[in-house]
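Engineer: Okay, here's the structure, questions in a sec.
The values are calculated or read from the model by the stated rules, or taken from the named source; none is laboratory data. Not measured: the values here are computed from a predicted model. Positions of Cβ are backbone-derived with ideal geometry, glycine not excepted, and every protein chain shown enters the neighbour counts.
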Amino acid sequence: MKPHTLPHALATLAAMLIACCSQAATNPGDFFRAAPDSGASLPADRIYPQGRIFPFSGFSGKPEREKANGFTMHGPVYGNKKLEALEANEKAGLPFPYTIGLDMKFHSDKPLVLTEAEIKAIITKQVAEVASRTNICWWYLTPEEIRSWRKNEIAYMKAASEAIHAADPMKRPVWMYDPNHRDAKALVQTGAHLDLVGKGCYVNYAGYQDRRVWVRWGMEQETEAICQLRGHRAPLLVPELCKDPDPALFSQIPAWVRHDVYCGLIHGAKGVVIWSLFKRTGVRQSYDIWYEAYATAARQLTGERKLGEVFLFGEPRQDLKVKQLSGPPTVTLADKTKTAEAKSLSERERAGMSLKYPAVSWRELARGTSRYLFVCNSSPETVRVAASGFPPSSAIEEADTGAAVQNANKPALEFELPAWGVRALKFSRR
């Protein structure tokens, strides 16, 4: 080969390699290869993580109503009616997270002082009284919001969790609610004694109504804590149904709910537990709008579309590309927290934050021989995106409704997402 022909030859070779790689990325045989089912060994009639059923629940609701609206669980409940609630859930055919714990009065001037042995004895008795009730899917540990920097509170949590695990022959998972602003460092301390990690993600209530990327921040704290703990723990999304917004904004509630649920799932959630399904005074005007929005999400995740199983057992893939074409490229999360949970925050957690995130986030999952793409706009403005990397001959549908998407064999699919918009797409072999 003559020296002056070398650059041309290399350029030709590079072009061939690019074409080859591009062809491989969109080759139908490779793109639609079957994904393994990571939950194949789990029973079909049990709630995750002990079974294949996607957890969609809410505090203090109505079991019969929740069952009819796609919820796969109901609870936990507060107060002294947990046995009554357990029986109501059994009648409705819904699994139930049963509350176990002691009134330790940690926030009083004189907290209860018990030895480790005394704590374990009382907790063991509580578990033993209901351990044979197969309708119990999780144990819900109280008091909530254990403060990781208080040694007596963590000691209680450790003793109680150990007692629950030892007394339960079915080894059902334990969860305790952590407040909204707990970060990964704090969640590592409480999560060490839990099987499920789920902190509050009350966007409006916590002062982030127009900064809904707060959901992403929250899920990242949970998943980072679980990663550090190196154990088999599942992260939960705990969104809000607790506060009326300005009546002029009621029409935005369905978009808020859809964004918060799918943003949480995109960033790692393995279940949804809403706080709360009780029609409290502060949400009476807009309650029905919130509830129907959550019920719509429940039906998409647990009904015929089975998107919950995609998020639980889908295999992560990286063949698809999402490019933002217009709209704000980033959103800023600025701390402005003024909630009733402030008393449970450490000084470190009170520190302000100012974090920038991409306005658009997405997740690609393979389930069976199909590919799923979930795209979320966490901006209050419309964005336009392009998705590519799929075989042009793919059959495309809205993953949450089954409606066909026309793309005329184009190598990319362009679409707009309104403020807080979400698009769920399913690609299949034509």
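Engineer: Return the residue satisfying two criteria in turn: it lies in the stretch 259-285 and is under 15 Å from Gln300 (Cβ atoms) and assigned to a loop (DSSP other than H, G, I, E, B), and of such residues it is farthest from the chain's Cα centre (by Cα).
Structural biologist: Gly271
Engineer: Now for a different question. Would you mind finding the one in Ile119, Ile136 that is among the β-branched types (Val, Ile, Thr) and either surrounded by fewer than 14 Cβ atoms within 10 Å (Cβ to Cβ) or within 25 Å of the chain's Cα centre (by Cα) (or both)? If you could, list the steps in order and put the result at the bottom.
Structural biologist: Numbers: Ile119 fails: either surrounded by fewer than 14 Cβ atoms within 10 Å (Cβ to Cβ) or within 25 Å of the chain's Cα centre (by Cα) (or both).
On inspection, the qualifying residue turns out to be Ile136.
Engineer: Those residues that are within 26 Å of Phe313 (Cα to Cα) and basic (Lys, Arg), I need them from the stretch 213-253; list them, please. Spell out the reasoning first.
Structural biologist: Keep residues of the stretch 213-253 that are within 26 Å of Phe313 (Cα to Cα), which gives 213-240.
The answer is Arg216, Arg230, Arg233.
Engineer: Go through (1) surrounded by 19 or more Cβ atoms within 10 Å (Cβ to Cβ); (2) outside any loop (DSSP other than H, G, I, E, B) one by one and return the number of the condition Asn180 breaks.
Structural biologist: Going through (1) surrounded by 19 or more Cβ atoms within 10 Å (Cβ to Cβ); (2) outside any loop (DSSP other than H, G, I, E, B) one by one, Asn180 breaks only (2).
Engineer: I need the full set of residues from the stretch 244-282 which are within 23 Å of Cys227 (Cβ to Cβ) and not small (Gly, Ala, Ser), in order please. Give the steps one after another, and end with the answer.
Structural biologist: Initially, the stretch 244-282 is screened for residues within 23 Å of Cys227 (Cβ to Cβ), giving 260-273.
Asp260, Val261, Tyr262, Cys263, Leu265, Ile266, His267, Lys270, Val272, Val273, listed by residue number.
Engineer: So which residues in the stretch 141-172 are assigned to a helix (DSSP H, G or I) and either outside the structural domain of Leu102 (by TED's automatic domain parsing) or among the hydroxyl-bearing types (Ser, Thr, Tyr) (or both), if there are any at all?
Structural biologist: Going through the stretch 141-172, the residues assigned to a helix (DSSP H, G or I) turn out to be 151-167.
Correct list: Tyr156, Ser161.
Engineer: Same structure, new question: Give just the number: which of (1) closer than 30 Å to Leu94 by Cα; (2) touching a Ser or Thr at 6+ places or on another chain (Cβ under 7 Å); (3) aliphatic (A, V, I, L, M) does Ala128 not satisfy?
Structural biologist: (2)
Engineer: Of the residues Pro36, Pro97, which is modelled with pLDDT of 95 or more and either part of a loop (DSSP other than H, G, I, E, B) or not assigned by TED's automatic domain parsing to the domain that holds Tyr291 (or both)? Lay out the reasoning, then the answer.
Structural biologist: Numbers: Pro97 fails: either part of a loop (DSSP other than H, G, I, E, B) or not assigned by TED's automatic domain parsing to the domain that holds Tyr291 (or both).
Exactly one residue qualifies, and that residue is Pro36.
Engineer: Name the residue, out of Pro391, Pro411, that is more than 22 Å from Val310 (Cα to Cα) and in contact (Cβ under 8 Å) with a residue 60 or more places away in the chain. Step through it out loud before you land on a result.
Structural biologist: On the way: Pro391 fails: more than 22 Å from Val310 (Cα to Cα).
Unique residue meeting the criteria: Pro411.
Engineer: Do you know which residues across the stretch 255-269 are at negative phi, surrounded by fewer than 22 Cβ atoms within 10 Å (Cβ to Cβ) and in contact with a helix residue (DSSP H, G or I) (Cβ under 7 Å, 6 or more places away or on another chain)?
Structural biologist: Arg258, His267
Engineer: Also: Could you say whether any residue in the stretch 164-181 is of a type in the set (D, E, K, R), over 20 Å from Pro76 (Cα atoms) and modelled with pLDDT of 95 or more?
Structural biologist: No, the stretch 164-181 contains no residue that is of a type in the set (D, E, K, R), over 20 Å from Pro76 (Cα atoms) and modelled with pLDDT of 95 or more.
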